[in-house]
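Data block below; observations after.
Here, each number is a calculation from the coordinates, and none is a lab measurement. As the structure is a prediction and not an experimental result, all values here were calculated from the model. Here the Cβ is made from the backbone with ideal geometry for all residues, glycine too, and neighbour counts use every protein chain on show.
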Amino acid sequence: GVDRSIGASRGIGKAIALAIADAVHESTHGNSSAMMISAPLRLVLIARSAESLRETANLVEQRCGNSEGGGSGGASVATVSCHPMDLSDLDTLPEKLQQIS
């Protein structure tokens with residue numbers, strides 16, 4: 001699938017996560033003019049707030065169509081994982097990102 005990693009609890013990171021979800025939904029529902037992002041999508045959401053991340057993840061899953069039975073054949077259209085962490089300390093950034101793999 002397509003792998004993306006973005007800060008996603010609010011602002012532009014949340015907007016990007018939702019735009020990706022909308023693109024997946026459109027492309028899996030036959031909209032040929034949609035940005036082509038194929039399912040299944042693996043989306044990794046990172047931000048400091050676990051609660052806000054879960055809210056964004058729920059919205060992404062709904063917009064991708066997971067709540068509609070997962071698209072064709074009942075398979076999940078998107079897998080969303082949440083990783084609450086602070087990425088502002090550049091010295092520890094590689095260690096933190098390695099935990100996600």
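Things worth noting here:
- Extension reserve of the Ser81-Leu97 stretch, reckoned as 0.36 nm per residue once the Cα distance is removed: 4.4 nm
- Amide H within-cut-off set for Ala47, under 5 Å, with H built and near neighbours excluded: Ala8, His83, Met85
- Estimated inter-spin distance, Gln62 and Ile12, nm [label 7 Å along Cα→Cβ]: 2.6 nm
- In this simple spin-label approximation, Arg48 and Asp89 carry label points 7 Å from Cα along the Cα→Cβ vector, and these lie 1.3 nm apart.
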